[in-house]
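Have a look at the structure below, then the notes.
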Amino acid sequence: MLRPSHLTAVLLFALFASTVFGITQRETPRQMVRYGIYCFVLFAGSAIVLSWVMFLIAR
Amino acid sequence: MGTVPNKSAAAGKAAQQGWVYLPLIAGWLVPGAGHFLLRKWGRGTLLAVSIIAMYALGLGMQGKLYTGAQDILELLGLVGDLCNGLMFFVGRMMNWGANPVQVTTADYGTKFIEVAGLLNVIAAVDAHNLRTGRKS
């Protein structure tokens with residue numbers, strides 16, 4: 001059974017979802033790569049920021 | 001000299017032939033198959049790898065494959081799972097996945113399986129848009 005950490009699960013989710021978003025939502029390969037990276041940063045970044053917010057609220 | 005453009009034009013024409021909904025249905029049944037039918041090998045491979053990996057990781061984390069719906073949330077989960085096409089039916093036949101969810105990673109796994117299905121539908125619709133010419 002796979003037991004990835006929370007961060008690993010977030011990064012895997014962000015990687016695969018961003019790949020599909022990039023390919024399906026843009027026309028040219030260059031735009032696809034740029035949009036894929038943008039989505040990955042938003043997915044992973046928002047998870048990390050929200051984690052810190054929840055940590056600070058819980059203190 | 002002039003054979004390369006002719007060849008690619010012929011390949012493009014061949015990709016535009018056939019039933020217009022075939023890439024949509026093929027893409028739903030097998031991730032990336034809609035793009036393969038349209039000879040978009042690179043895009044199809046990346047989509048297939050992403051969606052199949054997400055589904056496999058979900059199963060590896062002992063995610064749940066829904067069998068029926070007792071309430072609205074389970075119904076939504078079942079719809080998400082059904083979007084995986086043949087992968088869902090194979091998973092059900094082989095009795096893959098865990099039920100009930102008992103550990104945190106299994107809950108992640110359930111979400112991975114559902115999101116793989118939703119991404120599969122996005123990919124299938126993209127293949128349909130390529131087929132109809134709405135996207136290039």
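The values are calculated or read from the model by the stated rules, or taken from the named source; none is laboratory data. What you see is a predicted model, and the numbers here were worked out from it, not measured in a lab. We place every Cβ from the backbone using ideal geometry, glycine too, and count neighbours over all the protein chains shown. We work out accessible area using only protein heavy atoms, side chains counted, and drop any ligands, DNA or RNA first. Shrake-Rupley method; radii C 1.70, N 1.55, O 1.52, S 1.80 Å.
Some points to look at:
- Other residues whose C-beta falls under 15 angstrom from the C-beta of A:Q31 contribute a net charge of +3, scoring Lys and Arg +1 and Asp and Glu -1.
- Helix A:6-25 vs. chain A, principal-axis angle (Cα, 0 to 90°, nearest 10): 20 degrees
- For the protein assembly as shown, the solvent-accessible area works out to 58 Å² per residue, with a probe of 1.4 Å and every protein chain left in place.
- Listed by chain and number, the aspartates and glutamates whose C-alpha is less than 14 Å from the C-alpha of B:K111, apart from same-chain residues fewer than 8 away, are B:E74, B:D81.
- Using alpha-carbon coordinates, inclination of helix B:41-60 to the longest axis of chain B, degrees: 10 degrees
- Relative packing of A:27-40, B:111-124, B:79-92, which averages over residues the other C-beta atoms within 10 Å, highest first: B:111-124, B:79-92, A:27-40
- C-alpha center-to-center spacing [segment A:22-41, segment B:61-89] in angstrom: 29 Å
- Taken across both chains, chains B and A shield about 2000 Å² of accessible surface from a 1.4 Å probe.
- Compared with its chain on its own, segment B:88-107 contains the following residues whose accessible area drops by 50 Å² or more in the full protein assembly (probe 1.4 Å; ligands, DNA and RNA excluded): B:T105.
- Distance (nanometres) between label positions extended 7 Å along Cα→Cβ at A:T28 and B:V20: 2.9 nm
- Segment B:K135..B:L118, full-extension length gain: 4.1 nm, with 0.36 nm per residue of separation and the alpha-carbon distance subtracted.
- Shielding value for B:46-52 is 4, the average number of Cβ atoms from other chains within 10 Å of each residue's Cβ.
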